[in-house]
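Data first, discussion second: the structure below is written as structure tokens.
The values are calculated or read from the model by the stated rules, or taken from the named source; none is laboratory data. Computed from a predicted model, the values in this text were never measured in an experiment. Here the Cβ positions follow ideal geometry from the backbone for every residue, glycine too, while neighbour counts run over all protein chains shown.
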Amino acid sequence: MMETSEIGYSPNEDQGVQAFIRTLNSLRNDFLQKIKQYTECLREKIFLISISSISLLIVLFFYTFAIYLQPIIFVDFNKHVMSKTMLKPSIVSSIQEPYIYSKNQYFNRTRKPSENVIAFLVASFAGDIRRAYNPYPKLGEKLFQLDERLGDNKITDIIIFHTGYPFRADITSIVHTTARNVLFVNVDHIFYKFSPGFDPHIRDPTWTQKGKWHYHHMCYFWFKQVFELKIIQRYRYMMRLDDDSGIEGKWPNVFEIIAKRQAVYMANRREVDFNYVVPGVTLVRNLTVAFMKKYKIKPRNPDMMADDFNHTIEIPNYWNNVEVIDLSLIRQIEVIDFMRWVDESRGIFLYRWGDAPLRYITLALFVNATQILHLNKLGLGYCHPC
């Protein structure tokens with residue numbers, strides 16, 4: 001009988017154990033490698049998912065912010081609008097300009113005003129300080145371009161609306177630059193006014209440029225104030241041009257074109273203002289609806305009006321740093337009332353409603369599509385800024 005102690009240890013058994021251990025190690029290494037690969041792949045996917053999620057959250061934030069603003073502000077705004085149910089039709093205001101200087105005065109001559117006018121606004125937030133940016137040399141270049149490029153025989157008056165006062169050298173340079181009659185019209189008496197009931201001390205703008213309220217004053221001027229000036233009321237058509245823009249190539253006499261086609265507006269290209277850039281800009285829809293209900297107005301241009309209401313977070317406009325407008329449109333009672341509604345809502349200063357979207361709504365309300373001409377369809381080039 002064999003004793004337990006006599007059992008021998010076989011070399012084959014040792015080799016088997018080692019082989020088994022190697023197999024386990026190989027399996028473990030393979031498993032760890034696959035885990036590592038899976039982790040790296042998962043990490044990449046998580047990173048991409050995170051980026052996508054963050055982007056989505058940013059979009060949702062701005063979208064929600066734009067939507068959220070409306071009901072909060074709407075309560076106060078709607079209350080203000082509905083308090084104006086007793087508005088009565090009125091005639092256009094006639095504000096006398098205290099200081100006008102013309103090329104005719106400079107040369108001591110007399111000449112009747114032209115039928116139409118080209119208007120610029122030089123609103124320097126620096127006032128009369130010569131060390132600040134001087135806009136008049138560049139404006140002189142634009143006037144020289146007009147003489148060369150606009151086919152109106154250089155007969156259309158130019159009005160330079162300005163705050164502060166140009167130096168004598170600037171006036172001399174301008175009047176010698178162009179063959180047209182030029183009128184320098186100071187607008188300090190109206191340009192720095194605010195809408196009725198608006199307190200500029202206790203509010204900050206939702207959007208600003210070149211000073212706290214400077215851009216808002218510019219919008220206010222081109223939407224309403226300019227048409228109240230007595231000097232404008234002598235003209236039939238007004239072309240607005242900005243001093244940092246210009247016409248490109250040869251233009252025909254656009255005043256003759258708009259008259260021949262019985263149009264009332266010549267429009268630049270379509271643009272949009274986004275509510276997340278200019279918070280509250282879409283609230284102009286509330287005023288528009290209230291105005292239409294009050295006066296039972298059906299838009300003359302339904303497609304343009306639909307364009308105003310069919311976009312959640314944006315408001316369309318014609319980029320009106322160039323425009324030609326029949327001034328008889330602005331003299332209509334309904335248009336005057338609409339401008340007053342906008343003014344008394346304080347939306348221009350509360351929410352920076354620009355003159356461009358407000359002009360777009362005015363056209364949608366009161367102008368047929370056939371009465372609007374488009375620069376691009378006429379093949380007329382324009383640059384801004386330039």
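List of remarks:
- Residue match in segment 182-204 (condition: surrounded by fewer than 17 Cβ atoms within 10 Å (Cβ to Cβ), under 27 Å from the mean Cα position of the chain (by Cα) and either closer than 26 Å to Tyr382 by Cα or among the hydroxyl-bearing types (Ser, Thr, Tyr) (or both)): yes
- Residues (closer than 16 Å to Ile118 by Cα and surrounded by fewer than 19 Cβ atoms within 10 Å (Cβ to Cβ)) located in segment 137-176: Gly140, Glu141, Phe144, Gln145, Asp147, Glu148, Arg149, Gly151, Asn153, Lys154, Ile155
Listed here are the residues, each with its yes/no results for (1) of a type in the set (Ser, Thr, Tyr); (2) in contact with a strand residue (DSSP E or B) (Cβ under 8 Å, 6 or more places away or on another chain); (3) over 23 Å from His374 (Cα atoms).
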{"residue": "Val284", "(1), (2), (3)": "no, yes, yes"}
{"residue": "Tyr295", "(1), (2), (3)": "yes, no, yes"}
{"residue": "Asp308", "(1), (2), (3)": "no, yes, no"}
{"residue": "Trp319", "(1), (2), (3)": "no, yes, no"}
{"residue": "Val324", "(1), (2), (3)": "no, yes, no"}
{"residue": "Leu329", "(1), (2), (3)": "no, yes, no"}
{"residue": "Val335", "(1), (2), (3)": "no, no, no"}
{"residue": "Arg340", "(1), (2), (3)": "no, no, yes"}
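- From Val278, Val264, residue being β-branched (Val, Ile, Thr), under 30 Å from Phe194 (Cβ atoms) and in contact with a strand residue (DSSP E or B) (Cβ under 7 Å, 6 or more places away or on another chain): Val264
- Of the residues making up segment 145-157, those that are in contact (Cβ under 8 Å) with a residue 60 or more places away in the chain and assigned to a helix (DSSP H, G or I) are Gln145, Leu146, Arg149.
- Hey, Asn268 touching a residue at least 40 places away in the same chain (Cβ under 8 Å) and buried (at least 18 other Cβ atoms within 10 Å of the Cβ) or not: yes
- One residue from Arg300, Arg340, Arg331, Arg359 being touching a residue at least 12 places away in the same chain (Cβ under 8 Å) and under 18 Å from the mean Cα position of the chain (by Cα): Arg359
- Among the residues of segment 346-370, those that are touching a strand residue (DSSP E or B) at 6+ places or on another chain (Cβ under 7 Å) and either in a helix (DSSP H, G or I) or at pLDDT below 95 (or both) comprise Ala356, Pro357, Arg359, Tyr360, Leu363.
- Residue among Ala290, Ala259 that is without any contact (Cβ under 8 Å) to a residue 40 or more places away in the chain, more than 19 Å from His311 (Cβ to Cβ), surrounded by 15 or more Cβ atoms within 10 Å (Cβ to Cβ) and of a type outside the set (Asp, Glu): Ala259
- Selection within segment 298-327 - among the aliphatic types (A, V, I, L, M) and at pLDDT 95 or above: Met304, Met305, Ala306, Ile315, Val322, Val324, Ile325, Leu327
- Residues located in segment 341-366, provided they are surrounded by fewer than 21 Cβ atoms within 10 Å (Cβ to Cβ) and within 18 Å of Met266 (Cβ to Cβ): Arg359, Phe366
- Single residue of Ile174, Ile160 found to be within 24 Å of the chain's Cα centre (by Cα), among the aliphatic types (A, V, I, L, M) and more than 29 Å from Glu344 (Cβ to Cβ): Ile160
- Applying the criterion of at least 1 residues that are within 29 Å of Phe107 (Cα to Cα) to the helices (runs of 4 or more DSSP H) found wholly in segment 158-237 leaves 168-177, 188-191.
- Test: residue in segment 191-199 that is touching a Ser or Thr at 6+ places or on another chain (Cβ under 6 Å) and farther than 27 Å from Glu148 by Cα: yes
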